[in-house]
Amino acid sequence: MSEQQGPAMIEAEGLSKYYGRFAAIENVSFKVRQGEVVAFLGPNGAGKSTTMKLLTGYLAPSKGTARVAGHDMFTDRLAGATRLGYLPENGPLYPGMTPRGLLRFFASARGVPPARIDEVIHQCSLGAVVGKPIEKLSRGYRQRVGMAQVLLHEPDVLILDEPTAGLDPNQIHEVRDTIRRLGQTKTILLSTHILQEVEAMADRMLFIDEGRLVFDGPVNKLLDDGRPLEEHFRELTSPATL
């Protein structure tokens, strides 16, 4: 979907986060509009996770503003959270619980109708493991449990931090299909190191390097020259040669 369609559902406006003199990110600005799937790329330590934590209200910005569905995630986080589903990398789960027990717990905490539990179990293909302890599940199934928990309150904005990290090719394919399906109705920002996924799923790319945004544009804008995305990634994020 074109970035010109729909209102901005995720907004970073001059976001900065400092730890003493170190800038984890500085003056990062972008918008993700309703119905877009946007990939957030950069090397390790570039500031992707920090940016996502600021957007979701898990961190307070040193400067700037983060908004979800128009809600300032520093001053109005609870209202923004009702519209947001956030899946952090290695998101915490209760290993002794079963998927169904975990979803019942979160449904009760959020005031979500019990019928919604069966819907997300079906949506995330968890039917075969709903009665097994989470600690006994494969990483792929644990990732699906995390996704089901994220979707439980029917958010229309999803922020996903490395949703396929550590998965095997079959599991990556399944998660990719889930995200592509969700992207038909939701606004999604996802970070990933798997560049093939960007071409398969995303409308647009954001590149961050050393805490600063270095590219914001459609996937096709970089691929039109016939070179692979990996080459562009290296050019945009490699240290300058002295």
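What follows is calculated from the coordinates using simple rules that are stated; it is not laboratory data. Quantities reported herein were computed from a predicted structural model and do not represent experimental measurements. Reconstructed Cβ throughout: ideal geometry from the backbone, glycine too, with neighbour counts over all protein chains shown.
Placing R0 at 30 angstrom, the Cβ-Cβ distance between A60 and F105 gives a FRET efficiency of 0.60 after rounding to 0.05.
Taking label points 7 Å from Cα along the Cα-to-Cβ direction, L223 and L195 give a separation of 1.2 nm. Calculated [222 nm] ellipticity per residue, helices only, for the chain: -9500 deg cm²/dmol; basis is -39500 (n - 2.57) per DSSP H run with n ≥ 4, divided by all residues, nearest 500. Residues D161, D72, ranked from the fewest to the most other C-beta atoms within 10 Å, line up as D72, D161. Candidates (i) 26; (ii) 32; (iii) 35; which is the computed percent of Cα pairs over 28 Å apart? Checked against the structure: label (ii). In summary, no helical segment of the chain meets the span-like criteria, namely a full DSSP H run, a Cα extent along the axis of 24 angstrom or more and a mean Kyte-Doolittle hydropathy of at least 1.0. What you get for segment 92-147, charging only the Cβ of Lys and Arg (+1) and of Asp and Glu (-1), is a dipole of about 120 debye around the Cα centre. With 0.36 nm allotted per residue and the present C-alpha distance subtracted, the D177-S138 stretch has 12.2 nm of extension available. Bridges between two residues of the chain, per DSSP, are antiparallel at a rate of about 55%. Taken about its Cα centre, segment 1-115 carries a charge dipole of about 320 debye when Lys and Arg each add +1 at the Cβ and Asp and Glu each add -1 at the Cβ.
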